[in-house]
1. Pick from Val122, Val105: which is in contact (Cβ under 8 Å) with a residue 40 or more places away in the chain, out of contact with any Cys (no Cβ under 9 Å at 6 or more places or on another chain), within 23 Å of Ser9 (Cβ to Cβ) and hydrophobic (A, V, I, L, M, F, W, C)?
2. Can you name every residue in region 68-105 that is at pLDDT 90 or above, part of a loop (DSSP other than H, G, I, E, B) and of a type in the set (Asp, Glu)?
3. Tell me, please, whether a residue that is without any contact (Cβ under 8 Å) to a residue 24 or more places away in the chain, open to solvent by 40 Å² or more (accessible area, probe 1.4 Å), more than 17 Å from Asp15 (Cβ to Cβ) and among the charged types (D, E, K, R) can be found in region 127-147.
4. Which of the residues belonging to region 1-48 are farther than 16 Å from Asp118 by Cβ and part of a loop (DSSP other than H, G, I, E, B)?
5. Scan region 64-90 residue by residue and report those that are exposed (fewer than 12 other Cβ atoms within 10 Å of the Cβ) and either within 12 Å of ligand 2 (Cβ to nearest atom) or of a type in the set (D, E, K, R) (or both).
6. Which pairs turn up if I take residues in region 22-48 that are under 17 Å from Leu151 (Cβ atoms) and look for partners that are among the acidic types (Asp, Glu) and buried (at least 23 other Cβ atoms within 10 Å of the Cβ) with beta carbon separation below 7 Å, at least 6 apart in sequence or on another chain?
7. Please work out which residue is most open to solvent (accessible area, probe 1.4 Å), limiting yourself to region 41-63 and to residues that are within 20 Å of Leu97 (Cβ to Cβ) and either among the acidic types (Asp, Glu) or in contact with an Asp or Glu (Cβ under 8 Å, 6 or more places away or on another chain) (or both).
Amino acid sequence: MTLQVRTASVEETRDVGAAVAGLARPGDVIVLAGDLGAGKTAFVQGFGRGLGISERITSPTFTLVHVYEGRLPIHHLDVYRLDQVQEALDLGLAEMLDDGGVVLVEWGDAILPVLPHDLLEVRLTLGDGDDDRALAVRSVGQSWAGRLDHLHAALTPWVET
Ligand code: ADP
Ligand code: MG
């Protein structure tokens with residue numbers, strides 16, 4: 001099941017992230033897909049704000065993972081530079097998932113085989129204008145499927161009709 005969402009500014013994409021965060025539960029996995037500059041990190045920034053994190057959230061491109069403490073802890077990964085799926089496991093993915101927080105993975109579609117089968121995928125693509133983005137928000141498995149009505153309601157301002 002996929003919700004098609006459109007934003008027209010970086011702030012709107014952050015707002016979408018914050019709205020999704022309002023429905024987050026311990027153990028959630030969110031996969032962020034999309035090209036460089038699509039807005040994956042912007043989504044996580046808003047998501048963090050939605051969980052009450054005031055710290056500045058930056059891309060973990062070189063460090064691979066950042067951890068933030070909010071209503072739930074966030075593990076923010078960027079696996080773009082990983083050569084192999086094995087390296088994602090070496091980062092301690094299993095422990096992160098056990099930690100009662102939320103795991104958000106930029107370029108996570110590259111490591112789907114080692115992620116749980118219950119997840120929310122957010123695929124960002126560029127739109128016509130410089131600041132236009134399309135976000136395809138797709139639930140995979142049961143975990144988010146049960147929250148889709150709430151998700152739709154929370155994202156109403158941006159959902160395509
Ligand atoms: P990624 O993590 O996917 O590489 P970033 O979030 O780091 O992307 O960067 C997105 C860039 O695009 C930022 O410079 C941001 O200001 C810009 N931008 C413009 N419009 C949008 C939008 N609607 N949503 C997200 N980012 C946008
Ligand atoms: Mg990024």
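1. Numbers: Val105 fails: within 23 Å of Ser9 (Cβ to Cβ).
Criteria check complete, one pass: Val122.
2. Answer for region 68-105, where residues must be at pLDDT 90 or above, part of a loop (DSSP other than H, G, I, E, B) and of a type in the set (Asp, Glu): just Glu69.
3. yes
4. Ala8, Ser9, Gly22, Gly34, Asp35, Leu36, Gly37, Ala38, Gly39, listed by residue number.
5. Arg81, Asp83, Asp90
6. Every condition considered, the pairs that remain are Leu32/Glu106.
7. Ile53
A quick yes/no check of all residues on (1) more than 14 Å from Val31 (Cα to Cα); (2) more than 16 Å from ligand 1 (Cβ to nearest atom):
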{"residue": "Pro73", "(1), (2)": "yes, yes"}
{"residue": "Leu77", "(1), (2)": "no, no"}
{"residue": "Gln84", "(1), (2)": "yes, yes"}
{"residue": "Asp90", "(1), (2)": "yes, yes"}
{"residue": "Gly101", "(1), (2)": "yes, yes"}
{"residue": "Gly108", "(1), (2)": "no, no"}
{"residue": "His117", "(1), (2)": "no, yes"}
{"residue": "Ala153", "(1), (2)": "yes, yes"}
{"residue": "Thr156", "(1), (2)": "yes, yes"}
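The values are calculated or read from the model by the stated rules, or taken from the named source; none is laboratory data. Predicted model only: the values in this text are computed from it and were never measured. Note that we place each Cβ from the backbone using ideal geometry, even for glycine, and neighbour counts take in every protein chain shown. Accessible surface is based on the protein model in full, side chains and every heavy atom, while ligands, DNA and RNA are left aside. Shrake-Rupley method; radii C 1.70, N 1.55, O 1.52, S 1.80 Å.
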